[in-house]
Amino acid sequence: MNGGGPAGGRTAAFDAIAPTYDASRGGTARAAVFAGQLAPLLDPAEPVLDIGVGTGIVAAELTARGHRVCGVDLSPGMLAHARERLGDRVAVGDAGRLPVRTASVAQAVSTWLLHAGPDPRAVFGEVARVLRPGGRYLVIPARGMRPTDDIGRIVGDLEDRLDPTGSRQDGPALLAPLAAAHGLTYEGAKSERPTVFRVSPADMARSIEHGRLFTGAWQVPEADLGLVALACERLRALPDPERPRVREMADFVMVFRRGT
């Protein structure tokens, strides 16, 4: 999902991948899982602001569960799909400069946003501004709990090499202190859902080579393409690289609350 930072390049990148974004990231089935994690933590009597609503696929699943969802996103290409699902309840907006009145929101959500380029300090500053006292911000991080199998070790090493400063980390260790600086208390991880899936090292290599792992949400500079090639080489060098591995990971919801 898309929502702030160096806007021009990232907006163009998300516009370009908008037609295939949902299919490359689990489609409606995965969106339904995310909505199932978020819904029990939301008040059905209050509207929900989806920051970085993207194609609206998660917001649509929340709507199907009885929630009133409005969304903002920086990418017109992504929002074209969101409008098909949500109508006029979406608008172009930067997560770091939300087009929302101060203290007007009871609850907000973001799915796979804060790793994708927006300055999390600016995002938390805006979330703190638009939330009412006692309001909550629910965040599903993109990186979650990473698999530690043979594929996961190689992909994790690639991510660390591409992001040596950890600027694209979106877990509690980085985000909780940033949120606290804006008066948002981290209340912990909720609704953890383990996921089991199958993928081969060769399939993962092909996915990385075709940009489905990093492109758009995480553009790889040309100078770092050698790191990507090396990771793909390492994946194909694993034993029986065409054999799918059973892999496990876990998604969870981080809960932040504005003080009263």
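The values are calculated or read from the model by the stated rules, or taken from the named source; none is laboratory data. Everything numeric in this text was worked out from a predicted model, so none of it was measured. Cβ sites come from the backbone with ideal geometry, for glycine too, and all protein chains shown count toward neighbours. SASA here: full protein model, heavy atoms, side chains in, ligands and nucleic acids out. Shrake-Rupley method; radii C 1.70, N 1.55, O 1.52, S 1.80 Å.
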Looking at segment 188-208 only, could you name the residues that are exposed (fewer than 14 other Cβ atoms within 10 Å of the Cβ) and either touching a Cys at 6+ places or on another chain (Cβ under 6 Å) or closer than 19 Å to residue 30 by Cβ (or both)? 192, 194, 196, 197, 198
Name the residues in segment 156-195 that are among the aromatic types (Phe, Trp, Tyr) and free of Cβ contacts under 8 Å to residues at least 24 places away in the same chain, would you? none
Evaluation of residue 53 against (1) in a helix (DSSP H, G or I); (2) among the aliphatic types (A, V, I, L, M); (3) crowded, with 22+ Cβ neighbours inside 10 Å (one fails), failing number: (1)
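In segment 135-172, what residues are assigned to a helix (DSSP H, G or I), open to solvent by 40 Å² or more (accessible area, probe 1.4 Å) and modelled with pLDDT under 90?
160
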Is there any pair linking a residue in segment 97-115 that is over 15 Å from residue 71 (Cβ atoms) and modelled with pLDDT of 95 or more to one that is assigned to a loop (DSSP other than H, G, I, E, B) and open to solvent by 10 Å² or more (accessible area, probe 1.4 Å), with Cβ under 9 Å and at least six apart or on different chains, and which? 106/43; 106/45; 106/46; 106/47
With respect to residue 181, is the statement that it is of a type in the set (A, V, I, L, M) and loosely packed, with under 13 Cβ neighbours inside 10 Å true? yes
Scanning segment 96-133 residue by residue, those out of contact with any helix residue (DSSP H, G or I) (no Cβ under 6 Å at 6 or more places or on another chain) and among the aromatic types (Phe, Trp, Tyr) turn out to be 112
Across segment 217-260, what is the total count of residues that are among the β-branched types (Val, Ile, Thr) and in contact with a strand residue (DSSP E or B) (Cβ under 9 Å, 6 or more places away or on another chain)? 4
Just for segment 61-113: of the residues that are open to solvent by 10 Å² or more (accessible area, probe 1.4 Å) and among the polar types (S, T, N, Q), which one is nearest to residue 135 (Cα to Cα)? 107
For segment 64-85, how many residues are more than 16 Å from the chain's Cα centre (by Cα) and under 14 Å from residue 108 (Cα atoms)? 4
